[in-house]
Amino acid sequence: MPATNLKNIVHELDTGYGLMSLTWRAEPVPQSQAFEAMYRSVELAKERGHKAFFNVGEFYGPDFINLTYVHDFFLKYPELREHVVISCKGGVDIATLTPKGSHDDVIQSVKNSVSAIGGYIDIFEVARIDTSLCTKGEVYPYESFEALAEMISEGVIGGISLSEVNEEQIRAINKDWSKFLTCVEVELSLFSTDIFQNGIARTCAELGLTIICYSPLGRGLLTGQLKSNADIPEGDFRKTLKRFSDESLKKNLTLVKFLQEEIVDRRPPNNSITLAQLALGWIKHWNKVPEYKGAKFIPIPSGSSISKVNENFEEKKTKLTDQEFSAINKYLATFRTVGDRYEMV
């Protein structure tokens with residue numbers, strides 16, 4: 001499928017499905033349970049008349065387990081493959097998670113991922129730009145994307161996404177590779193609003209690029225289920241982040257308290273909304289803001305059970321009024337998250 005078609009298909013989505021949390025954890029979700037959730041996400045996408053979006057990673061767990069889940073899922077349900085767009089991250093050292101963006105490394109990463117997943121991958125992205133390869137004056141390593149373009153020409157992958165990039169990199173890469181570029185993946189949640197201050201959202205709108213919003217539920221903080229660091233399972237990387245320390249949570253959870261009391265609890269019973277649905281609705285509401293008309297904000301929550309997928313993908317529920325959106329943004333204007341996105345304790 002040509003990258004231009006992929007770009008249009010992605011732009012029409014409303015919610016994507018992030019598979020990272022199924023396998024990148026101390027104990028992976030059992031395949032049987034994961035498959036039920038994955039199946040439901042595809043089913044709901046089909047009901048709404050568009051494709052599902054699976055966001056996966058070469059390094060989301062040991063031994064390509066994340067991609068193996070996808071491989072085995074489509075082995076069980078081969079008829080569903082045509083209804084899913086797969087976007088895969090790679091291009092990093094799996095042991096150290098440091099960027100490996102050389103031409104040959106990227107080629108190998110793509111081939112490893114395609115082998116593990118069992119075939120064609122619609123969209124591929126290097127998880128981090130390997131700036132160590134940049135020569136003087138370069139803002140991104142040309143060879144990384146040259147390798148991806150070769151994989152597209154060979155029909156191994158269909159298009160390119162960007163991951164964790166800044167405004168300058170988006171513009172430079174779009175200038176050189178726009179015909180292959182499908183979307184930009186960055187973190188966005190009520191706890192991480194950086195893209196509205198650092199020019200990324202504005203740039204994507206200007207260039208007509210879809211924004212794939214990962215960790216839209218604040219890595220669980222916006223579900224209301226985390227009250228203390230003890231609620232995080234042992235072996236979970238969140239335990240080591242400053243944002244999730246008990247001291248930080250005292251401040252950070254004031255945002256959740258506001259959302260619960262001022263938005264969720266004020267809804268009438270016949271128009272109820274959960275905290276998770278509110279968080280997703282806030283992201284989608286940016287699609288109505290004229291300043292970002294050229295972009296499309298698509299959250300990619302996870303969901304390790306059918307009930308969670310139903311909650312996260314119930315589009316009618318994940319909608320805010322203009323008044324609610326305005327009230328939330330007014331609160332955010334004075335709220336400051338304690339702990340950067342990857343700041344360690």
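Rundown of residues vs (1) within 23 Å of residue 334 (Cα to Cα); (2) modelled with pLDDT under 95, yes/no style:
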{"residue": "205", "(1), (2)": "no, no"}
{"residue": "224", "(1), (2)": "yes, yes"}
{"residue": "264", "(1), (2)": "yes, no"}
{"residue": "280", "(1), (2)": "yes, no"}
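When 63, 14 are checked against the criterion of being acidic (Asp, Glu), surrounded by fewer than 20 Cβ atoms within 10 Å (Cβ to Cβ) and not in a helix (DSSP H, G or I), 14 stands alone in meeting it. Exactly one residue out of 138, 185 is under 24 Å from residue 96 (Cα atoms) and of a type outside the set (S, T, N, Q), and it is 185. Return the residues of region 66-93 that are surrounded by fewer than 21 Cβ atoms within 10 Å (Cβ to Cβ) and closer than 19 Å to residue 299 by Cα; say none if nothing qualifies. Passing the criteria: only 83.
Name the single residue that is surrounded by the most Cβ atoms within 10 Å (Cβ to Cβ) among those in region 303-345 being part of a loop (DSSP other than H, G, I, E, B) and of a type in the set (A, V, I, L, M). Applying the filter and picking the extreme gives 320. Taken over region 118-150, the criterion of being touching a Phe, Trp or Tyr at 6+ places or on another chain (Cβ under 8 Å) and part of a helix (DSSP H, G or I) is satisfied by 131, 145, 148, 149.
Pairing each residue of region 61-77 that is among the acidic types (Asp, Glu) with any residue that is in a helix (DSSP H, G or I) and surrounded by 15 or more Cβ atoms within 10 Å (Cβ to Cβ), provided the two are 6+ apart or on different chains, yields C-beta distances under 9 Å for 63/116; 72/31; 72/35. Filtering region 253-274 to residues that are part of a helix (DSSP H, G or I), surrounded by fewer than 21 Cβ atoms within 10 Å (Cβ to Cβ) and either touching a residue at least 40 places away in the same chain (Cβ under 8 Å) or not charged (D, E, K, R) (or both) leaves 253, 254, 255, 258, 260, 262, 264, 269, 270, 271. Taking the criterion of being within 15 Å of residue 14 (Cα to Cα) and either not in a helix (DSSP H, G or I) or not β-branched (Val, Ile, Thr) (or both), the residues of region 275-292 that qualify are 277, 278, 279, 280, 281, 282, 284, 285, 286, 287, 288.
The values are calculated or read from the model by the stated rules, or taken from the named source; none is laboratory data. Since we're looking at a predicted model, the values are computed, not measured. Reconstructed Cβ throughout: ideal geometry from the backbone, glycine too, with neighbour counts over all protein chains shown.
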